[in-house]
Amino acid sequence: MPTDYLERILNAKVYDVAVETALDAAPGLSSRSGNTVLIKREDMQPVFSFKLRGAYNKVSRLSSERARRGVICASAGNHAQGVALAAAKVGCRAVIVMPTTTPAIKIDAVANLGGETVLAGESFDEAHARALELEKAEKLTFVHPFDDADVIAGQGTIGMEILRQHPQPIHAVFCAVGGGGLISGVAAYVKRLRPEIRVVGVEAEDADAMTRSLTAGRRVRLKQAGLFADGAAVKYVGAETFRLCRQYVDEMLRVDNDAICAAIKDVFEDTRAVLEPAGALSVAGVKEYAARHRLQGKTLIAVASGANINFDRLRFVAERAEVGERREAVLAVTLPERPGAYKAFVALIGGRDITEFNYRYNDPDEARVFVGVRVASRAEARKLVEMLRRHDYPTLDLTDDEMAKLHIRHLVGGHAPRVDHEMVYRFEFPERPGALMRFLNEMSAGWNITLFHYRNHGADYGRVLAGMQVPPGEMGQFKAFLKNLGYIHWNETGNAAYRLFLG
């Protein structure tokens, strides 16, 4: 007899540990897309993720005998915390098998919830194999992260809440997809009661097991899954979740890491919440879907599935968000190596903000610079490239070049043995439009720029490292330039790091 998920979801036990999360408006996203975008705030759960719903619904239904023996799972993320909290609430033992590479913060989080952590193997697959061994040896109950009817039903209570909180027309609901437990539960409920609502799944493009499986008509195992959106990095979807997705899911979308970073920023700007990459997948999907289908005036709901992000990952998110939002163009531009060339180049950029500028002298005839420019759209970026080329500045658009964005931008530089009388200064100036242009205007046309590094970090002050060829007889003029410029500065010409890597 097929499982009646409507009945299972209506009877799911989740609210002993979970809370009914808010359905918040996203005014910025709504305004930019021309639709009403609402965010289901599962990041506000006690463990900052929806996962405790399914875990508790499973654990709370165990017989007294099975509960006495305890439960086990393999996870290094949100499912681990959900199972540990569920077991603590029920009062049973919880063994959580995690890879040895799991960050200490996640191990500590599980331990603080009363879970027994076992470290095994360097990958999830190895940890999972060890969990299955312990399940048999110690007669524990395995709590699957997604391919279990009780787990799916627990996640389905999110769909129940959405329809209760927003009885007005809804065009589509968006869910992140890893193994498929979340979208299966939400879709099973929504499609039974409101079949006109579209249910859309969103995967990272390098972890698209469900998309490939639905396309092939069978479960497809990925050789590897990208780890940026680690909460949804699943190589092989569940048998039951695959069946439910085939039945209920209307469309699957794939988004890249830049789009995920942009979505994290969007949610932060609208709610001041910082989602984990997997938690922002649905928001990235809303943006992609609205643009692809040219939607206007529709209500789109994104399930923000979690906020367990490692703090050090925020550096990468901030770096890539502007590119993902199509607000930054990353370009390689060739300039003639002569005084005044930079000033002319910046003048061509016009009123657009320069977000990054990396250059090191190498060739007496040509200068190659790595530059970021804030733009309104990819169309504007293309027009900018065409305009620079028309003015004899050969330009290569690197906005979609992964190596350039990850590595090259940090490697532009090196020694310049043919540069004499180089003075290297570090500058700090108010981060406002025109500040960089003023710097170039104040500089004497006779001083060749040999080194320039600038990156906009969203702070109140901009920071520049600049090298200039200043003949000894012009030091008086150079000091006058520094005084007239009025920017805080430090002479770094004697800096050991400069001598070692650049001088």
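Coordinate-derived values only; no laboratory data. Treat the numbers as computed from the prediction; the structure is a model and nothing was measured. Neighbour counts are summed over all protein chains in view; Cβ atoms, including those assigned to glycine, are modelled from backbone coordinates with ideal geometry.
Using only Cα atoms, find the angle between the long axis of helix 181-193 and the longest principal axis of the chain, and express it within 0 to 90 degrees, rounded to the nearest 10.
70 degrees
Under 12 Å from the Cβ of Val346, count the other residues' Cβ atoms, weight Lys and Arg +1, Asp and Glu -1, and hand me the total. It would help to have the intermediate numbers written out before the result.
Working: positive: Lys343, Arg352, Arg438; negative: Asp353.
Summing Lys/Arg as +1 and Asp/Glu as -1 gives +2.
Taking 8 Å as the Cα distance limit and 6 or more residues as the minimum spacing, I'd like the relative contact order of region 326-501 as a percentage.
Values: 300 pairs, mean separation 45.5, N = 176.
For region 326-501, the relative contact order is 26 percent.
Could you work out how far helix 314-324 tilts from the main Cα principal axis of the chain, as a 0 to 90 degree angle to the nearest 10?
Between the helix axis and the principal axis of the chain, the angle is about 80 degrees.
Only bridges whose two residues both fall in the chain count here: according to DSSP, what percent of them are antiparallel, nearest 5? Walk me through the intermediate numbers first.
Values: 43 of 72 bridges.
Expressed as a percentage, antiparallel bridges in the chain total about 60.
Under Stokes-Einstein, with the Kirkwood radius over Cα pairs standing in for Rh, what whole-number D in µm²/s applies to region 51-142 at 10 °C and 1.306 mPa s? Before the final figure, lay out each step's value.
Numbers: Rh = 12.6 Å.
Answer from the Stokes-Einstein relation: 126 µm²/s.
For Ile183, Ile107, Ile449, what's the fewest-to-most ordering of other Cβ within 10 Å of each Cβ?
Numbers: Ile183 35, Ile107 17, Ile449 20.
Listed from fewest to most nearby Cβ atoms, that is Ile107, Ile449, Ile183.
Working from Cα positions, state the angle (0 to 90°, nearest 10) between the long axis of helix 378-390 and the longest principal axis of the chain.
Rounded to the nearest ten degrees, it is 20.
Of the listed pairs Lys58/Lys223; Lys58/Lys89; Lys13/Lys235; Lys343/Lys405; Lys51/Lys106, which have alpha-carbon separations greater than 20 Å here?
Working: Lys58/Lys223 30 Å; Lys58/Lys89 12 Å; Lys13/Lys235 29 Å; Lys343/Lys405 25 Å; Lys51/Lys106 15 Å.
In this structure, Lys58/Lys223; Lys13/Lys235; Lys343/Lys405 exceed 20 Å between Cα atoms.
Report D for region 326-501 in µm² per second (integer): Stokes-Einstein, Kirkwood Rh on Cα pairs, 37 °C, 0.692 mPa s. Please list the in-between numbers first.
Details: Rh = 16.8 Å.
Value of D from the Cα-based Kirkwood radius: 196 µm²/s.
So how do 53-59, 157-163 stack up, highest first, on mean other-Cβ count within 10 Å?
On the way: 53-59: 30.9, 157-163: 22.9.
Result, highest mean first: 53-59, 157-163.
Based on the Kirkwood radius over alpha-carbon pairs, what is the Stokes-Einstein translational diffusion coefficient of region 230-375 at 37 °C with 0.692 mPa s viscosity, in µm²/s?
179 µm²/s
Where a Cα-Cα gap under 25 Å defines reach, which lysines qualify for Lys298, not counting those fewer than 8 residues away within the same chain?
Lys40, Lys191, Lys265, Lys287
Can you give me the relative contact order of the chain as a percent, contacts being Cα pairs under 8 Å and 6 or more apart?
That works out to 12 percent.
What percent does the relative contact order of region 274-318 come to when contacts are Cα pairs within less than 8 Å and at least six residues apart?
Reported as a whole number, the value is 57 percent.
With a bin width of 10 angstrom, please list the P(r) values of the chain as percents of all Cα-Cα pairs, from the 0 bin to the one holding the largest distance.
4, 18, 24, 19, 14, 12, 7, 2, 0, 0
Per-residue counts of other Cβ atoms within 10 Å, averaged by peptide: what ranking do you get for 382-395, 328-341, highest first? Can you show the working numbers first?
Numbers: 382-395: 14.4, 328-341: 18.4.
Highest-to-lowest ranking by the protection proxy: 328-341, 382-395.
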